[in-house]
Amino acid sequence: MVLRVLEDSPDLVQRLSAIMGTPAPSRDGLLVTKAEYAGRLSYSVRKLDQLIAAGLPTSGKGRALRIPVEAADQWVTVHMGGATAENDLEVAALASARRRAHRRAL
């Protein structure tokens, strides 16, 4: 319930951040760990490390490294197989999962 209130009131988030002395969350979207984003794409963390080396947007470094979901999704659509829409991203992720499952079955 608290999260819904915060999602619906960006001004409240700004005021709470000012009171607590912490930076306000970016409005660019959610930040997730490498493992969470890799799961979202049905890739391994190792493959995600390769994408990061190729220029996938990140924030922080080391154990504090996070991936901005919205920016990373846009990067993936542009750089991974010419996908042009979020649907194409889902299709690419499913195809990747099928390839991985096939390799495991061998």
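Data overview
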read-out: Test for Thr22: is it more than 26 Å from Arg103 (Cα to Cα), polar (S, T, N, Q) and modelled with pLDDT of 90 or more; value: no
read-out: Hits in the range 45-74 (condition: free of Cβ contacts under 8 Å to residues at least 24 places away in the same chain and touching a helix residue (DSSP H, G or I) at 6+ places or on another chain (Cβ under 9 Å)); value: Val45, Arg46, Lys47, Leu48, Asp49, Ile52, Leu56, Pro57, Thr58, Asp73
read-out: Some residue of the range 49-70 being at pLDDT below 85, part of a helix (DSSP H, G or I) and loosely packed, with under 10 Cβ neighbours inside 10 Å; value: no
read-out: Flag for Ala92 being modelled with pLDDT under 85 and farther than 30 Å from Gln14 by Cα; value: yes
read-out: Candidate set: the range 31-67, residues that are among the polar types (S, T, N, Q) and in contact with a strand residue (DSSP E or B) (Cβ under 9 Å, 6 or more places away or on another chain); chosen: the one farthest from Ser96 (Cα to Cα); value: Ser59
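The values are calculated or read from the model by the stated rules, or taken from the named source; none is laboratory data. Values in this document were obtained by computation on a predicted structure and should not be read as measured data. Please note: Cβ atoms are built from the backbone with ideal geometry, for glycine as well, and neighbour counts cover all protein chains shown.
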